[in-house]
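Asks: Let me begin by handing over the structure; questions about it come next.
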Amino acid sequence: MESSDRHNSRINSIWQRMLNLEGDKVILIIILLLILISFLAIFSSTPLLPAQSSRLATMKDHGIVVFLGIAVMFILYHFNIKWIKKLSQWGFLLSFVMLVMLLSRIDLGFIKTQTINGALRNFIVAGYQIHVFEVVKVAMVLYLSWAMTAIDEDKAAMKEGRKSNTLSFANWLGTHPSLAFLKKTLWKRILYVYLPSIIICLLIFPGSGSSAIFVGAIMIAAMFIGGVPFKELAIAGLIGVAGLGSMLAIYKISDGQLMKRAGTIISRMKVEYDMDRLEGLSGDKFYNMLDTLRQPVSAKIAVHEGRLLGKGIGNSTQKYKVENIYGDYMYSFIIEEYGMAGGILVLILYISLLARSVIISRMSDDHFARLAVGSLAILITGQAFMHIMVNVDIGPMTGQTLPLISHGASAFLVFCVAFGIILCISRKARKKIQSAEELTENSRNDIEANMVAAEKVKE
């Protein structure tokens, strides 16, 4: 009896601590539900393969990653937003250095590059795999949030006749007569926003054309949130489309000898799964192409067989046919075992995350905080929707994981960083949200009271 009371007391204590958290409770609940789904899905989607790893070992590794991710979120939750802003300005430099190291195939012993299925995307650091593109996504979103905030602050300072320290490099260059044009806001956006975005997309493209397109789209969305004029965004989008078209043209003209990554984009955009594409291939190339053809078909079968309520936990058959079903095809697996009901639940969680993030963004007093929350939310939900579209066969294969659900240590930890920053910003926004909710409730009560009074007068 005493042990039971003690246990209940501990649960109540933990629950009370959660209630006392200053961050947004809705976001926190969404995070916990996504992590719970990841545990269930990864455990069930990982068949026993003694030659590689046991299910127990896989779950142990995932548990460690989840623990580290929660620790990262907890640390960032207590960060001062000013420190996050200061660190964000190094996002482009970090992304640039990592991508250059990746393309140069660096091998320093403790850190070296890794090629998977012909794609160069990973570092191996002390035996642990780091997906560079996942880090770059979050780093660039935060950098653009800082850059657009800095440009606005600089513009405001110049209008008021104050000295601006936010963009000191551009202002210093602008002191030279021949470079005076750099003092204009447009050129500052070119220097701090457009040029870094183009450079990062070009550096990502050799490793993954689809990732370069996705990251480019997310950065344009972040610019839109940041108030960049639509005219400039349209021009940037046209330049991106023209650049991609040129690469595809070079690939076709050179008969596949140049811009080989463009060939991957073309193959992934094909909806038919032509087995003739296996002709002339051998060894790893044959098996890689076979997986490329087989896995999307198996994902479609999984979605079809899931129906409304699914086959039940552990009853998936396609997990034995799709090698990476717990990664790139996790959503199709969820539908197969949990049906459309499970798939809709996951979709609702991501939509709720986006909606709640919009509220937090609007209630934030700090301009950088508003941009960071909005941009990170678009990154997370955008990747989730892209993953879902691929899994239900309404989008080209992109290799994007399902945030916080798919198996993968580096992706999980990077998204924990994003969620930690959102929770950190929500701490200050929560008070305004509560005040707004209380005001709405009071207004509703006043309206009801007035209606009751009016009814009494009629009587």
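Asks: Just rank 90, 146, 83, 187, fewest to most, by other beta-carbon atoms within 10 angstrom. All intermediate terms of the calculation are to be shown ahead of the outcome.
Replies: Values: 90 14, 146 23, 83 11, 187 17.
So the ranking, lowest neighbour count to highest, is 83, 90, 187, 146.
Asks: Next up: Please tell me which of these pairs span more than 23 angstrom C-alpha to C-alpha: 86/428; 155/428; 82/428?
Replies: Numbers: 86/428 18 Å; 155/428 26 Å; 82/428 13 Å.
Violating the 23 Å limit, Cα to Cα: 155/428.
Asks: Greater than 31 Å separation of Cα atoms is the criterion. Which listed pairs, 183/231; 60/319; 25/319, meet it?
Replies: Details: 183/231 20 Å; 60/319 20 Å; 25/319 34 Å.
Distance filter (> 31 Å) returns 25/319.
Asks: May I pose another question? Once amide H atoms are built 1.01 Å from N in the peptide plane, which residues 5 or more positions from residue 407, or in another chain, come under 5 Å H to H?
Replies: Those qualifying (amide H under 5 Å, at least 5 residues apart or on another chain) are 327.
Asks: For 232, 134, 305, what's the fewest-to-most ordering of other Cβ within 10 Å of each Cβ?
Replies: Numbers: 232 15, 134 24, 305 18.
Going from least to most buried by this count: 232, 305, 134.
Bear in mind that the values in this text are calculations on the coordinates, not laboratory data. All values derive from a computational prediction rather than experimental measurement. As a convention, Cβ positions derive from the backbone with ideal geometry for all residues, glycine included, and neighbour counts pool all protein chains shown.
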